[in-house]
Structure formats: structure tokens, C-alpha cells
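The values are calculated or read from the model by the stated rules, or taken from the named source; none is laboratory data. The shown structure was predicted, so the numbers you read here are calculated from the model rather than taken from an experiment. Cβ sites come from the backbone with ideal geometry, for glycine too, and all protein chains shown count toward neighbours. The accessibility values were calculated without ligands, DNA or RNA, using every heavy atom of the protein model including side chains. Shrake-Rupley method; radii C 1.70, N 1.55, O 1.52, S 1.80 Å.
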Amino acid sequence: MSKTLGKGRKMELPLDEEDGTFTNISLADDSAEYRSRKLSAKVEGAPTTMMNADMDAVENQVELEEKTRLINQVLELQHTLEDLSARVDAVKEENLKLKSENQVLGQYIENLMSASSVFQTTDTKSKRK
């Protein structure tokens, strides 16, 4: 692509076919070359900057969604842990209650066995005399 500048100077802007940006600039004098390189950098940088901004926005959105998902997962796990802790406490209380009842029943059975003649120890020597 060629563009004619003032005073008959010509600027060559070859188009890079892979990404559609201008890569090389040839000018007749050095001051025009400097200005043209600045222009080229702006032409090349503008879409890239816009794409980078769009990509940053998308990355930020993805990051925000990931953070939100993780926060929700943490909260759900906290609630599950609270429920499990409450259940463990309830089971401990039930266990203590059942142990106490077992002791009472064990004493009752011992008292019944000692009061009954069926469960008395038999001394065979004392019966023979």
C-alpha cells in the first residue's frame, strides 16, 4: 500500500498478510520516517490495545465468576461442617445417655440375680454335711 505525503514524498506501508497489520515503513527523509513509525505503531497498537482490553475484561469476568463459585462452595462446606458438628454433639449426648441407662440396667440385673436362688452359687460341700 502506498500513500503520497506532502512535497511529493511517498510512504510505503506493506501489509502483513498474517495479522493484517502494517510492519515496514520506508521514507525518503529521516524525520518523516520517525513520524511514520509513530503512526504505524499507533495503527498496529490500536486493535491490539482494544483486544487486550477485551481480553482483560473477559479474564476479569472469568476470575470473578471463579471467585464467586469458590466462595459459594466454601459457604456450603461451612454449613455442612456445622451440620456435621451438631450431629456429632447429638450422638455424643445420646451415647452418654445410653451408657448411663446400661449401667442402671446392669445394676438391676445384678440385684435380681443376687436375690434369686437360681443364680446363687451352690456349695456342694455344705449340702453334704
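Where the accessible area of region 60-119 is counted over protein heavy atoms with a 1.4 Å probe, how much of it, in %, is carbon and sulfur?
Details: 3350 of 5680 Å².
Whole-percent figure for carbon plus sulfur exposure: 59.
Between residue 87 and residue 107, what's the calculated FRET efficiency when r is the beta-carbon distance and R0 is 25 Å? Round to 0.05.
Plugging the Cβ-Cβ distance into 1/(1 + (r/R0)^6) gives 0.20.
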